[in-house]
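To keep things clear, I will list the structure first and then write my remarks on it.
The values are calculated or read from the model by the stated rules, or taken from the named source; none is laboratory data. Computed from a predicted structure; not experimentally measured. Note: ideal-geometry Cβ built from the backbone for every residue, glycine included; neighbour counts use all protein chains shown. Ligands, DNA and RNA are stripped out before the accessible areas are found, and what is left, the full protein with its side chains, is counted by its heavy atoms. Shrake-Rupley method; radii C 1.70, N 1.55, O 1.52, S 1.80 Å.
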Amino acid sequence: MGVAGPFPGSGGRAPGPAMDRDEVDRALARLGAEHEAIESSLLALQDHAGRRLLEGAELTGVTRDRWASTEQAISLLWAYFDAYTGALREIRELRSRRRWSSREDLVELTDRLRGPSVTVANGAPQLMSPATGPARLSERFTLEALVERMNGLYAASLDMVVTADAVWSALPARIDLLSAELQRTRQLAHSVGVRPGEHPAGDELASITAELLTLRAQVVSDPLAFWRPAPGSSAPGGGRPDTDRYDRAARALEDIRREIEAVLRVRQDSEERLVKLRDLLSRADRTLTEARSARGEVLAKIAATEVPAVSGPPLALQERLATAAEYRRHSQWHRLSPLLEALEREAEEELLRARESLTAVTAPLAVRAELRGRLDAYKAKVARLGLAGDPLLSERYDLARRMLWSAPCDLRVAEQAVLRYQHAAAEALAHQGGPPGPTDPRG
């Protein structure tokens, strides 16, 4: 709403010196423009979509209380405007009596333009506000003071209307869109077995549904409860809608949607994953079988050594794999998804343990094979240099060979026999002048 130009007087002071005809005409022109601006603002407020929605809504809470006060303020605004219009009409009629106003006419015009000449009969209910104070049966105003009073009432009324309209324009539509997305997610979740009472995501979907229904009802009935005023702003509607609850629901729904998509991916590739799991467990089982067989061979062929025990087949994992296949047959994808992830991790660990067990069990056989290879390598070198008939070398070779090829084989004693053969071969080569062969650093 526009504000009238500055007036020299105020509601409680004398009008001052009489105005001349030019001053009166300029004041009337300014007041006429002010009147048009006020009327346009009041009509715009009357036709505002937010005001029409407020009139037809079943309001609650802070919005109901403020709208009751705002309705009174709007009614009082129109009463003030009617009084302002009547006063302006009377001043114009007084000025139009004569082309050249007399001294008495100018004094009266000055009094009406500057003095407290407007009486407003207040037939509205008692209205208490910082802008108006308690309502009285009638009040007297200068035109300037009356415009200031209307400006205050208009700003407060417009702020309430604009605020409610901003919340209604922002939140219900967004809640409806999120509700539609929620409905699609619920249908998708139902198709993969994610239902309330059967899966945490199903319970969460039910909770979000209830929250959106409650939130929408509260926003529609009490929009001002969802408004955050801008700090330091005095403009009508300064601030923004409070979307915290909506944002939390949207984030929760997005988390569930991603979880449902993961379940859908399980439905698409579950058979391939089950096949891979069966292969992993089969390989682990075969490796453990090989380790058990190797352990029996080691115990029979190697003496004076500790051979670690070998665990049994992964029966527990096999049972859980059978459970996973059952979940797939009954389309229980929400249960299959976490089970497959756990099985894949544990099956890899089981295969690794089986391989480590086989390595640990066969370590004595590997040591015996290394000693056999070292003994034969030295014999070949000795024969190549023409020392195959050396009695000492032959004796020590035969002793080492009997120990390595007998069962059970004492690896510690056999290793010492191999080392003695190595030393003898090295000494024989040194006496012959040939290059010494490699020696074991442990010798």
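Structure notes:
- Applying the criterion of being of a type in the set (S, T, N, Q) and either in contact with a Cys (Cβ under 7 Å, 6 or more places away or on another chain) or not in a helix (DSSP H, G or I) (or both) to the residues of region 71-115, the residue that is modelled with the lowest pLDDT is Ser101.
- Taking the listed residues Asp255, Asp176, the one that is within 27 Å of Thr60 (Cβ to Cβ), within 21 Å of the chain's Cα centre (by Cα) and surrounded by fewer than 19 Cβ atoms within 10 Å (Cβ to Cβ) is Asp176, with no other qualifying.
- Residue that is nearest to Leu352 (Cα to Cα), among those in region 287-338 that are polar (S, T, N, Q) and outside any loop (DSSP other than H, G, I, E, B): Thr287
- Residue count, region 179-209 (criterion: more than 21 Å from the chain's Cα centre (by Cα), of a type outside the set (S, T, N, Q) and part of a helix (DSSP H, G or I)): 1
Matching residues to (1) open to solvent by 40 Å² or more (accessible area, probe 1.4 Å); (2) over 20 Å from Ala189 (Cα atoms); (3) in a loop (DSSP other than H, G, I, E, B); (4) β-branched (Val, Ile, Thr):
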position	(1), (2), (3), (4)
Glu259	yes, no, no, no
Val263	no, no, no, yes
Ser270	no, no, no, no
Arg283	yes, yes, no, no
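- All told, Val266 meets the bar of being within 24 Å of Leu351 (Cβ to Cβ) and either in contact with a helix residue (DSSP H, G or I) (Cβ under 6 Å, 6 or more places away or on another chain) or among the basic types (Lys, Arg) (or both).
- Total residues in region 288-335 satisfying the condition of being of a type in the set (Phe, Trp, Tyr) and modelled with pLDDT under 80: the figure is 1.
- So Val161, is it of a type outside the set (Gly, Ala, Ser), within 30 Å of Asp111 (Cα to Cα), open to solvent by less than 30 Å² (accessible area, probe 1.4 Å) and out of contact with any Leu (no Cβ under 6 Å at 6 or more places or on another chain): no
- Exactly one residue out of Ala407, Ala414, Ala377 is touching a Pro at 6+ places or on another chain (Cβ under 9 Å) and either farther than 30 Å from Arg273 by Cβ or of a type outside the set (Val, Ile, Thr) (or both), and it is Ala377.
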